[in-house]
Amino acid sequence: MHKQNYQDILGLVQSPTRYAGNEINTVKKDLDQVDLTFALVFPDLYEIGTSHFGLQILYSILNREKNIAAERFFTPAPDLEAQMASKKIPCLSLESRKELADFDIIGFSLLYELNFTNILTMLSLSGIPFFAQDRDQTFPLVIGGGPCAFNPEPLADFFDAFVIGDGEETVLAVSRTVIAFKQQGDGKKSTLLRMLSEIAGVYVPQFFTPFFDETGCQILSCVRDDYTRVKRAFLPELTKDNFPMDPIVPFGKPVHDRLRLEIARGCTRGCRFCQAGMIYRPVRERSVPDLIQITKTSLASTGYADISLLSLSTGDYSRLPHLMQQLLAISRNQCNAISLPSIRAERLTPELMALIKTVRKTGFTIAPEAGTQRLRDIINKNLTEESIRDTVKNAFELGWKNIKLYFMMGLPFEEAADIQGICDLSDSLASAYAKGKRSINVSVTTFIPKAHTPFQRHPQLTLDATMERLNFIKKNLGHPKVNLKWQDPCMSLVEGVFSRGDRRLSHLLQTAFENGCRLDGWSDYFDFSRWQKAFDQTGIDPDFYTSRHREKKEPLPWDHIDTGVSKQFLEKEWENAAKKALTPDCREQDCTGCGVCDFKQIRPVIHDTKTMPFSGEAPAPPMEDAAFARYTVWYSKLEDARFFGHLELATIVQRAVRRAGLAVKYSKGFNPSMRLSFDSALPVGMESQEEIFHIFLDRKLAPETIQHALNRQLPPGLAVTDCRRTFQGQTDAFAVCVYQVRLLETSLDADTTDRFMAKDAFIVEDLTKKGKIRKTDLRKSVAALDWKTPHTLEMTMQPYNGRQIRPGTILKQCFGLSDTAVCQARIKKLKQG
């Protein structure tokens, strides 16, 4: 019953999310034949979470194990949540529609504090008690991992365990431990938790009891003498074995719709505000040969056209020119784009600049963080104004049209001149370099101190102080080529509370959820008044967690989490900040003594820039235009595939062509596109047994070869039914079409349709895109109406003044059906021509 009701609800959501679970490269196993089921939960919308690289890694690693099945969950939007709650439908996995509560392990990705209420949304819908103490062994084990797990205390009451650090090896260790626990038949949850606590990088909150001193600071008492600190899990090196070679390819448009190529993990530049730069140390680069093999395999399995180089500091990758050469050699005849999010000016060698000129440009970001050199030195940004100016100049000259600059307000030791500096630097860069169509986007956000950084004890700006600075920037940032964006300071306040919070915040989170807080990371859904109410109801003072300075001797809620970076190093870096002293990058200078490396198992992995010769394959010469022929492809679009929009369908076909390995023609120019065109765009929700597209492919290909190759790559509901060599103008996009219309419930009957057909004309008026009144005789667009059953109407439509009128228009305007009735009608094109 749950599955059918869930399908009914999803039927109301006419988008590719409806098709989730059948995307390219999904893994479906017989859940009765595995030893462990693992729910990978991303507490945000599908569009955000489905392409998240960490989720893809875990999905791949777990599903490689024959006895483990990993399936995905995402947070429903509030309208879908309301439908599910009203019909008592729990969260169901995308792959098998199994209930969340029936999995052995539920693993939440913890990437952003403003996603925390979404965790409760999913537990609530699934009938799973929020608090770990209320869940016995009959409920799944609930674990979390990700950057927010480095201060797990605000969520500690909800979770059975946390994975601290790199998850690739730890998630398998956790899974195997749970399997062993199930097989030994003990059944006691306390036994399982003790077994988990013995895994490196696993934190079990139950074994740490909180109490609070007279100042209100949390102190943890260890239940066990042998379990007092949790050391972060480290992955010593990145190889192709722990890379998701066949990532899931969504049918919709996620935020990152490209192949994401993690070239390195970790950063040693030492920015004192940056949590990622501390908790992901040391730098571990992936080798060029591995990256090239990964790229070839992944492009073939996904059909992606774009590649994004992923790391904390892409420009610091030691073999970047060499990697770019080889990626371009792979991509030349596939017309791929390679995304370089940011390159420092000092890294732009002549060799690299020549390569970048050949790359299709996407976004380019520079993060000065502070408006003056004084403050950049304080935060150890190691970025001079000269370097910033050179980088902007070079980026524009290399072809980028828009540059993004990121700044923060409220950094330690900030002065009024630093805020003025944001305006001065931005306007100066725009005046010097933003000519013609070039522009600069300036993004300003409140500095939020994070755990395990040198600035972890520094106060966050109050709301009033933040608004004062933001209003100053709005008033003084005046260049017409500069566009200002900012994060809502109220969102930053809530994020700041949880980023350095303790276990008392569990009740705040529950209260905020009960007040209706959902998807707080989205400005469309964030409602600060609900959070203010929750603060009042629980007696939690947000200033206690944000705007007060924590003294050096004050215990911190995350003191028991060992990232490998020593407290002494963090304290020394705070002192260096006060002295405006720079700390060098240890990849270029001597070890700075942060404490992470033991130089045996844990050490920087940086590839020698001198000893690796270029070994890329020479790209095949481009095929001449005469080598291609035009093919017309007939295809059907049925069942769930009817929810694909036209742009999504075009992307699906293009990626199927690439996965099939068909040699295809591209347009000329700097931004080439596949020579593919569709006769008409089918409305979302309408099925068709006969649609047509045209494509230019290698003329040596037999039509039946193309048909079979594409059918092996297209998702269910899409199927090529015929393929022929054709010439321009051989098909007619505006032919007579026959539709089958199945009506759910309607007063429409044969008498009504007969009266319509007896009319000489049925004129309606509408406005064109240019605002002109257009008259249409809908009667002349209908050639025949034939009732096949009391609820099934066959409608023959013919072109009218070069336009194809759709059945929905006739149902609504001629027969007066409501929008709901038209949406619920099942319309299928049977044939055309």
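Suppose all protein chains stay in the model; what accessible area per residue would a 1.4 Å probe give for the chain, in Å²?
Using a 1.4 Å probe on heavy atoms only, each residue of the chain averages 42 Å².
Debye calculation, C-alpha points only, no solvent: report log10 I(q)/I(0) for the stretch 347-390 at q = 0.21 Å⁻¹, in the same order as the q values.
Relative scattering, expressed as log10 I(q)/I(0), comes to -0.78.
Can you run the Rg to Rh ratio on the stretch 225-278? Use alpha carbon positions and the Kirkwood inverse-distance Rh.
Numbers: Rg = 16.8 Å, Rh = 15.2 Å.
Dividing the radius of gyration by the Kirkwood radius yields 1.10.
Run the reach check for Lys88 against aspartates and glutamates, Cα to Cα strictly under 19 Å, same-chain hits fewer than 8 apart removed. What comes back?
Correct list for Lys88: Asp8, Asp79, Glu99, Asp102, Glu514.
Where Rh is the Kirkwood radius over the Cα pairs of the chain, the temperature 10 °C and the viscosity 1.306 mPa s, what D in µm²/s does Stokes-Einstein return?
53
Straight-line reach from Lys481: which lysines have Cα under 17 Å away, leaving out those fewer than 8 places along the same chain?
Those lysines meeting the cut-off are Lys393, Lys401, Lys404, Lys435, Lys437.
Counting other Cβ atoms within 10 Å of each Cβ, which trypsin sites (Lys or Arg not before Pro) in the stretch 44-95 have at most 10 and sit in a DSSP loop?
Those satisfying the criteria are Lys66.
Determine, at each q value in 0.21, 0.24, 0.25, 0.30 (inverse angstroms), the log₁₀ of I(q)/I(0) that the Debye formula gives when each Cα of the stretch 87-140 is one equal point scatterer.
Evaluating at q = 0.21, 0.24, 0.25, 0.30 Å⁻¹ gives log10 I(q)/I(0) of -0.86, -1.08, -1.15, -1.35.
First measure r as the distance between the Cβ atoms of Lys775 and Ser747, then evaluate 1/(1 + (r/R0)^6) with R0 = 22 Å and state the FRET efficiency to the nearest 0.05.
Details: r = 28 Å, r/R0 = 1.27.
My answer for the efficiency is 0.20.
Can you give me the angle between helix 385-397 and the longest principal axis of the chain, using Cα atoms only, in degrees from 0 to 90, rounded to the nearest 10?
The angle comes out near 20 degrees.
How big, in percent, is the set of alpha carbon pairs in the stretch 627-687 lying more than 18 Å apart?
Tail fraction, whole percent: 42.
Largest first, please: the extent of the C-alpha atoms of the stretch 408-526 along each principal axis, to the nearest Å.
53, 33, 24
Modelled label-to-label distance, Asp541 and Asp136, 7 Å Cα→beta-carbon offset: nm?
Spacing of the two 7 Å Cα→Cβ label points: 4.2 nm.
At 222 nm, what value in deg cm²/dmol follows for the chain if DSSP H runs of at least 4 each add -39500 (n - 2.57) and the sum is divided by all its residues, to the nearest 500?
Only helices count here, giving -9000 deg cm²/dmol.
Computed FRET efficiency, Cβ-Cβ of Ala783 and Phe727, R0 25 Å: what is it to the nearest 0.05? Write down the numbers at each step before the final one.
Values: r = 28 Å, r/R0 = 1.14.
Calculated value: 0.30.
Going by the alpha-carbon gyration tensor, a ≥ b ≥ c the square roots of its eigenvalues, is the stretch 450-601 rounded (a/c under 1.5) or, if a/c is not under 1.5, prolate (a/b greater than b/c) versus oblate?
Verdict is oblate for the stretch 450-601.
Ignoring ligands, DNA and RNA, what percent of the 1.4 Å accessible area of the stretch 316-422 is carbon and sulfur?
That fraction is 53 percent.
Taking the convex hull of the alpha carbon atoms in the stretch 81-234, what volume per residue do you get, in Å³?
For the stretch 81-234, the hull spanned by Cα atoms encloses 139 Å³ per residue.
Within the set Lys296/Lys357; Lys665/Lys828; Lys759/Lys812; Lys665/Lys769; Lys66/Lys98, which residue pairs have Cα atoms separated by over 28 Å?
Lys665/Lys828; Lys665/Lys769
Give me log10 I(q)/I(0) at q = 0.10, 0.18, 0.22 Å⁻¹ for the stretch 265-366, Debye formula, one equal scatterer per alpha-carbon, no solvent.
-0.29, -0.93, -1.27
Hey, quick one: spin label on Val223, modelled 7 Å out along Cα-Cβ, who in the stretch 134-154 has an amide N within reach, i.e. under 14 Å?
134-137
Give me the angle, in degrees from 0 to 90, between the Cα long axis of helix 416-433 and the longest principal axis of the Cα atoms of the chain, rounded to the nearest 10.
With rounding to tens, the tilt is 40 degrees.
Can you list the lysines whose alpha carbon is less than 26 Å from that of Lys553, not counting same-chain residues fewer than 8 positions off?
By straight Cα distance, Lys553 reaches Lys231, Lys450, Lys567, Lys572, Lys579, Lys580.
Looking at the chain only, what percent of DSSP beta bridges run antiparallel? Nearest 5 please. Spell out each step's value before the answer.
Numbers: 56 of 104 bridges.
Once the DSSP bridges in the chain are tallied, antiparallel ones form about 55 percent.
Just the Cα atoms of the stretch 448-503: what Rg and Dmax do they give in Å?
My reading of the Cα-based Rg and Dmax gives 14.1, 47 Å.
Can you give the extra length, in nm with one decimal, that the chain gains between Arg755 and Leu638 once fully stretched, where that is 0.36 nm per residue apart less the Cα-Cα distance?
Stretched fully, the Arg755-Leu638 segment lengthens by 38.9 nm.
Taking the Cα atoms only, what angle lies between the long axis of helix 116-125 and the longest principal axis of the chain, rounded to 10 degrees?
50
Multiply the residue gap between Glu214 and Met467 by 0.36 nm, knock off their C-alpha separation, and tell me the result in nm, one decimal place.
87.8 nm
Would you please give the FRET efficiency between Asp241 and Arg603, computed as 1/(1 + (r/R0)^6) with r the Cβ-Cβ distance and R0 = 22 Å, to the nearest 0.05?
So the FRET efficiency works out to roughly 0.70.
Can you classify the stretch 42-94 as rounded, prolate or oblate using the Cα gyration tensor, where a ≥ b ≥ c are the square roots of its eigenvalues, rounded means a/c under 1.5, and otherwise it's prolate if a/b beats b/c and oblate if not?
Oblate, since a/c reaches 1.5 and b/c is not below a/b.
Ignoring ligands, DNA and RNA, what percent of the accessible area of the stretch 42-136 is carbon or sulfur (1.4 Å)? Write down the numbers at each step before the final one.
Numbers: 1470 of 2870 Å².
Here it works out to 51 percent.
Quick check on the stretch 685-760: what does the Kirkwood estimate of hydrodynamic radius come out to from the alpha carbon pairs, in Å?
Every distinct Cα pair counted, the radius reaches 16.5 Å.
Residue by residue through the stretch 516-526, which ³J(HN,Hα) values in whole Hz follow from phi under the Karplus form 6.51 cos²θ - 1.76 cosθ + 1.60 (θ = phi - 60°), with glycine and proline marked x?
x, 5, 9, 6, 5, x, 9, 4, 5, 10, 5
The values are calculated or read from the model by the stated rules, or taken from the named source; none is laboratory data. The structure displayed is predicted, hence computed values, not measured ones. All Cβ positions, even for glycine, are placed from backbone atoms using ideal geometry, and neighbour counts span all protein chains on display. Surface areas here come from the heavy atoms of the whole protein model, side chains and all, with no ligands, DNA or RNA. Shrake-Rupley method; radii C 1.70, N 1.55, O 1.52, S 1.80 Å.
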